[in-house]
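A quick write-up on the structure given underneath.
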Amino acid sequence: MARYLVTGAAGFIGRSIAAALLARGKQVRGIDNFSTGKRANLAGLEAMEFIEGDLADAAACARACEGVEIVFHEAALASVPRSVADPVATNVNCVDATLNVLVAARAAAVRRVVYAGSSSAYGESPTLPKHEQMLPDPISPYAVAKLAGEHYMRAFRRVYGLETVTLRYFNVFGPYQDPTSHYSGVLAIFCRKMLAGEQPAIYGDGEQSRDFTYIDNVVEANLLAASAPAEKVAGQMMNVATGKRITLNETFRILCGLTGFKGQPEYAAPRSGDIRDSLADIRLAGELLGYQPRVDFEEGLRRTVAWYRTGAGD
Ligand code: UD1
């Protein structure tokens, strides 16, 4: 019997959670439709039972949830600009898919669903750091869709008693993040380009800042969220980040040192739907989960560059 289901298991965050579960000897099932996930990411996860299926398909969700105790719902079309280009696809893959997962989870008597929320829910309010009591203010279709998923989580807790936990991720990066699409996260793109000696583009003046969070911290937060007592975490939402922010310009300079890139970035027009600054208050995850970021930004970046240097991301 599969005890854990990871949705988006061929994607960056899903495959990282699945690998950590397998390393702990857990029984794991994964589902992915390969819309953005990659078959190559399944290498090393052979012990995982894998279903190729789409979460927009209720029957696939039902099959995936059978015999499962805990779901990590990571599947999404994770990109702000992609949602600006095609808001309907983002809605189908983030909102409809999340509702289908919850309906199937309830029907299969799953105990807990841990959901990948997004810091984009905070939007543009100038208050820093962002804390969980702030009113959401989504400014892109992606942010709206991820926030809708959070509301569904809470509703399923309230009306059906399902244990749901939302982790609002802040700009996750690390090995296995796809660097090949222009919808990819900025650090994946920068690592790949700068290692290849190509000039990266900075949208805007580069003084925008992010609370970039190394993948291992996010995996650990998920494992803690799966095992924390229900009376502490069920129905809750909390930030998962490092609690520090850095500008793109500073990040570029650090990456020059790590990659040996000698050129300058190309500055281009700011991106529509972008927010300026992002920084998390991470005290709540500390209180509820005992979460502390263990890998800081620079160490995470070193490990990430080392991984892209192997060519594994291509
Ligand atoms: C947003 C969300 C995050 C979500 C992620 C999914 C916020 C604060 N965060 O991240 O929760 O999981 O989307 O994609 O809203 N940039 C460049 N050059 C590039 C690529 C990007 O300068 O080649 C810039 C962007 O314009 C942006 C920053 O880098 O200012 C970060 O972009 P990106 O990595 O796409 O993530 P966010 O949009 O911040």
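Brief remarks follow.
- If you go through segment 146-162 and keep only what is of a type outside the set (A, V, I, L, M, F, W, C), in a helix (DSSP H, G or I) and open to solvent by 40 Å² or more (accessible area, probe 1.4 Å), you end up with HIS151, TYR152, ARG154, ARG157, ARG158, TYR160.
- Pairs, first farther than 15 Å from LEU248 by Cβ in segment 262-282, second of a type in the set (Val, Ile, Thr) and near the ligand (Cβ under 9 Å from one of its atoms), C-beta under 8 Å, six or more apart: GLY273/VAL80; GLY273/ILE139
- Criterion violated by THR127 - all others in (1) in contact with a helix residue (DSSP H, G or I) (Cβ under 6 Å, 6 or more places away or on another chain); (2) more than 11 Å from the ligand (Cβ to nearest atom) satisfied: (1)
- Only listed residue being open to solvent by less than 20 Å² (accessible area, probe 1.4 Å) and either farther than 28 Å from SER125 by Cα or at pLDDT 95 or above (or both), chosen from LEU248, LEU258: LEU248
Quick grid of which residues meet (1) touching a residue at least 24 places away in the same chain (Cβ under 8 Å); (2) surrounded by fewer than 20 Cβ atoms within 10 Å (Cβ to Cβ); (3) part of a loop (DSSP other than H, G, I, E, B):
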{"residue": "ALA64", "(1), (2), (3)": "yes, no, no"}
{"residue": "GLY67", "(1), (2), (3)": "yes, yes, yes"}
{"residue": "PHE72", "(1), (2), (3)": "yes, no, no"}
{"residue": "ALA75", "(1), (2), (3)": "yes, no, yes"}
{"residue": "ALA78", "(1), (2), (3)": "yes, no, yes"}
{"residue": "PRO81", "(1), (2), (3)": "yes, yes, no"}
{"residue": "VAL88", "(1), (2), (3)": "no, yes, no"}
{"residue": "VAL103", "(1), (2), (3)": "yes, yes, no"}
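- Scanning segment 261-272 for residues that are open to solvent by 70 Å² or more (accessible area, probe 1.4 Å) and more than 22 Å from LYS130 (Cα to Cα) yields LYS262, GLN264, GLU266, TYR267, ALA269, PRO270.
- Selection status of TYR183, more than 17 Å from MET237 (Cβ to Cβ), of a type outside the set (A, V, I, L, M) and outside any strand (DSSP E or B): yes
- The condition (being of a type outside the set (Val, Ile, Thr), out of contact with any Phe, Trp or Tyr (no Cβ under 6 Å at 6 or more places or on another chain) and more than 22 Å from GLY260 (Cα to Cα)) is satisfied by just one residue among TYR152, TYR214: TYR152.
- Checked against (1) buried (at least 23 other Cβ atoms within 10 Å of the Cβ); (2) touching a Leu at 6+ places or on another chain (Cβ under 9 Å), HIS131 meets all criteria but (1).
- In segment 180-207, the qualifying residues are those that are at pLDDT below 95 and more than 30 Å from HIS131 (Cβ to Cβ), and the one that is most open to solvent (accessible area, probe 1.4 Å) is HIS182.
- If the condition is being farther than 15 Å from ILE13 by Cα and of a type in the set (Asp, Glu), then segment 24-68 contributes GLU46, GLU49, GLU52, ASP54, ASP57, GLU66.
- Among the residues listed as GLY243, GLY235, the single one being open to solvent by less than 30 Å² (accessible area, probe 1.4 Å) and either on the phi > 0 side of the Ramachandran plot or more than 13 Å from the ligand (Cβ to nearest atom) (or both): GLY235
- Of the residues making up segment 254-298, those that are within 16 Å of the ligand (Cβ to nearest atom) and β-branched (Val, Ile, Thr) are ILE254, THR259, ILE275, ILE282.
The values are calculated or read from the model by the stated rules, or taken from the named source; none is laboratory data. These numbers come from a predicted model, not from an experiment. As a convention, Cβ positions derive from the backbone with ideal geometry for all residues, glycine included, and neighbour counts pool all protein chains shown. Side chains included, ligands, DNA and RNA excluded: accessible areas come from the protein's heavy atoms. Shrake-Rupley method; radii C 1.70, N 1.55, O 1.52, S 1.80 Å.
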